[in-house]
Amino acid sequence: MMYASPQLFAQYPQPGPAKVYAIKAGKLVDPEKGTTETNQIILVRGKKIEAVGANVQIPSDAKIIDLSKSTVLPGLFDAHTHLCMTLKKNRDGDNYYITTLLDPTPYRAIEGVANARDMLASGFTTVRDVGNAGNYADSALREAIERGLVPGPTMLNAGRIIAPYGGQFQLQPEKRDLGTPEYAFADTHDEMIKAIRENIHYGAKVIKIVVDDQKYIYSADDIRFMVQEAHRDGLKLAAHCWTEPGARNAAEAGVDSIEHGERMTNDDLQLAKKNHVVLVGTDFTESAARNAGMPDMHVVFVDRLKRAYQIGVTMAFGTDAFVYVPGETRGTQAAEYVDSWVEAGIPAKDTLRAMTINAARLLGVDGERGEIKSGMAADIVATPENPLDDIQSVRKVFFVMKDGSIFRNE
Ligand SMILES: [Zn+2]
């Protein structure tokens, strides 16, 4: 093994009747309200939470899980991940174009299985996977998780990223096809509609576009056109924006979320707020920025994070972790991103909201996940200390229940 892995359990080995658990929570956090209640009991039956309260009757067939010395909270969300891509620096340098050329889709699907397991082990019970998955490895991974074939978070996946010609790569003219299938190039409105429908046909649950990684970028009209098509088909649209003009166009077009957006001005952030655009800031920590080959960007992200918070833009936690780092997993790397939120001076309660209920709303799974309430999916994690006192506690998740099955308990 490349890292010390916690003892994990298969997620759905559940023959027989639905299991019943009574979780004794010493502290129970409500991220929506930013409050903590003490000595609560969470009754889980099958995949769902049946009751929560101080005086819940514990049925005789319930197995008791004693977390009375710990803090219990809803499972965490990462709204920006790439489970089916891992850049290997010693082979690929800082250029994931090389990664996509050397790792075939079947291998990337297997990487996805490992990354999904590791995200779950770190307490991330729901993720939005925003593309870079070869030829739909992400759809295969999502289906395998949904069927209980492999353990992993609930997953909304983007399939192929839709982008202006070239996508995020610099191609060379004798080998023009090497940018596909990683990206669906769409420059005309006809191509945009086709790319969205192909994605949906092959299992995408969210549409991801790249606005601005070429000299020619999508206009606000282009983006609005794609938002309308995606919404007509019942999907939300996430827009990668690495430049200020790109982010401005996306904010103006009213995308569901701007990804990165680290160059956004205060005016852009105001516009995003006005148009109900969620910011998924992927706020690279110092080490994550260094690992991704852009050490100077950390301060840019933290500065924008601070400004976005002050302006009151709705934010959902997202990481963009995609580099193999010795001694770390995809999950431990993702959890580390709270460092940037601490540096930006954001109160723990707001960071935790971004990691739970805000992300649930962005993904459209609120009412099902993101809160510990009766009727919700039993996605429950525990930490030694209360993350509302110190958000760094989310890096110490030791108990993970996913859809009513215990995945980690140590
Ligand atoms: Zn990304």
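Could you state the accessible area per residue of the chain in Å², with a 1.4 Å probe and every protein chain left in place?
Details: 16400 Å² over 410 residues.
The answer is 40 Å² per residue.
If I histogram all Cα-Cα distances within region 1-125 using bins 10 Å wide from 0, what percent of pairs lands in each bin?
Result, from short to long distances: 11, 29, 28, 17, 13, 2 percent.
Could you tell me how many cubic angstrom of Cα convex hull volume region 259-401 has per residue? Write out the running numbers ahead of the final one.
Values: hull volume 15.9 nm³, N = 143.
Once divided by residue count, the hull of region 259-401 is 111 Å³.
Quick check: at a probe of 1.4 Å, how many percent of the accessible area of region 88-169 sits on carbon and sulfur atoms? Please report the intermediate quantities before stating the final value.
Numbers: 1580 of 2700 Å².
Answer for region 88-169: carbon and sulfur cover 59 percent of the accessible area.
Using the basic label-point model (7 angstrom from Cα toward the beta carbon), what is the GLU286 to ASP177 distance in nanometres?
Output for this residue pair reads 4.7 nm.
Stretched out fully, how many nm does the piece from HIS276 to SER60 gain, at 0.36 nm a residue minus the Cα gap?
Values: separation 216, 0.36 × 216 = 77.76 nm, distance 4.75 nm.
Net length gain for the segment: 73.0 nm.
Using R₀ = 45 Å, calculate the FRET efficiency as 1/(1 + (r/R₀)^6) where r is the Cβ-Cβ separation of ASP221 and GLU385; round to 0.05. Write down the numbers at each step before the final one.
Working: r = 49 Å, r/R0 = 1.10.
Taking R0 as 45 Å, the efficiency between ASP221 and GLU385 is 0.35.
Modelled label-to-label distance, GLU143 and ASP296, 7 Å Cα→beta-carbon offset: nm?
About 4.5 nm separates the two model spin labels.
Taking every pair of alpha-carbon atoms in region 76-195, what share in percent sits in each 5 Å bin, from 0 to the bin with the longest distance?
The distribution over region 76-195 is 2, 12, 20, 22, 18, 14, 8, 3, 1, 0, given as percents.
For LYS47, go through the lysines and keep the ones whose alpha-carbon is under 20 Å away, minus same-chain ones fewer than eight residues off.
Within reach: LYS19, LYS24, LYS63, LYS373, LYS402.
Mind grabbing the accessible area of LYS47 for me, 1.4 Å probe, Å², rounded to tens?
Spelled out: LYS47, probe radius 1.4 Å, area about 110 Å².
When the convex hull of the Cα atoms of the chain is projected onto a plane and the area is averaged over all directions, what value comes out in nm²? Spell out each step's value before the answer.
Numbers: hull surface 75.4 nm².
Mean projected area of the Cα convex hull: 18.9 nm².
So if we plug the beta-carbon distance of ASN409 and ASN266 into 1/(1 + (r/R0)^6) with R0 = 56 Å, what FRET efficiency do we get, rounded to 0.05? Show your work: numbers first, answer last.
Details: r = 45 Å, r/R0 = 0.81.
Efficiency, rounded to the nearest 0.05: 0.80.
Run the simple label-point estimate for HIS201 and ILE110 please: 7 Å along Cα→C-beta, distance reported in nm.
Each label point is offset 7 Å from its Cα along the Cβ direction, giving 3.0 nm.
Residue by residue through region 162-176, what is 3J(HN,Hα) from phi via Karplus (6.51 cos²θ - 1.76 cosθ + 1.60, θ = phi - 60°)? Round to whole Hz and write x for glycine and proline.
8, 8, x, 3, x, x, 9, 10, 9, 7, 10, x, 7, 10, 5
For region 245-401, which whole-number percentage of the solvent-accessible area (1.4 Å probe, protein heavy atoms only) is attributable to carbon and sulfur atoms?
On the way: 2460 of 5290 Å².
After summing per-atom areas, the C and S share lands at 46 percent.
Quick one: Cα centre-to-centre distance for region 316-334 and region 76-97, in angstrom?
Centre-to-centre distance over Cα atoms comes out at 8 Å.
What are the residues whose amide H is under 5 Å from the amide H of SER70, where those residues sit 5 or more places off or on another chain and H is modelled from the backbone?
GLY26, LYS27
Sort TRP242, TRP341 by heavy-atom solvent-accessible area, probe 1.4 angstrom, most to least.
Numbers: TRP242 65, TRP341 5 Å².
Of TRP242, TRP341, the descending order of accessible area is TRP242, TRP341.
Which cross-chain or sequence-distant (5 or more) residues have an amide H under 5 Å from the amide H of LYS19, H modelled 1.01 Å from N in plane?
Answer set, sorted by chain and number: GLY46.
Count the DSSP beta bridges whose two residues both fall in the chain, then state the antiparallel fraction as a percent rounded to the nearest 5. Spell out each step's value before the answer.
Values: 28 of 60 bridges.
Roughly 45 percent of the beta bridges in the chain run antiparallel, per DSSP.
Wrap a convex hull around the Cα atoms of region 185-289, take a quarter of its surface area, and give that in square nanometres. Can you show the working numbers first?
Numbers: hull surface 27.9 nm².
Mean shadow area of the hull around the Cα atoms is 7.0 nm².
Give me the percent relative contact order of the chain, please, defined on Cα pairs under 8 angstrom at least 6 residues apart.
On the way: 960 pairs, mean separation 85.7, N = 410.
Taking the mean separation of contacting Cα pairs over the length of the chain, I get 21 percent.
Given Cα pairs under 8 Å that are at least 6 residues apart, what percent is the relative contact order of region 275-341?
Details: 69 pairs, mean separation 30.3, N = 67.
Relative contact order of region 275-341: 45 percent.
Ranked by accessible surface with a 1.4 Å probe, highest first, in what order do SER60, SER139 come? Walk me through the numbers before you get to the answer.
On the way: SER60 125, SER139 5 Å².
Of SER60, SER139, the descending order of accessible area is SER60, SER139.
The values are calculated or read from the model by the stated rules, or taken from the named source; none is laboratory data. Nothing here was measured: the structure is a model prediction, and the numbers come from that model. Cβ coordinates were reconstructed from backbone atoms using ideal geometry, including for glycine residues, and neighbour counts include every protein chain displayed. Surface areas here come from the heavy atoms of the whole protein model, side chains and all, with no ligands, DNA or RNA. Shrake-Rupley method; radii C 1.70, N 1.55, O 1.52, S 1.80 Å.
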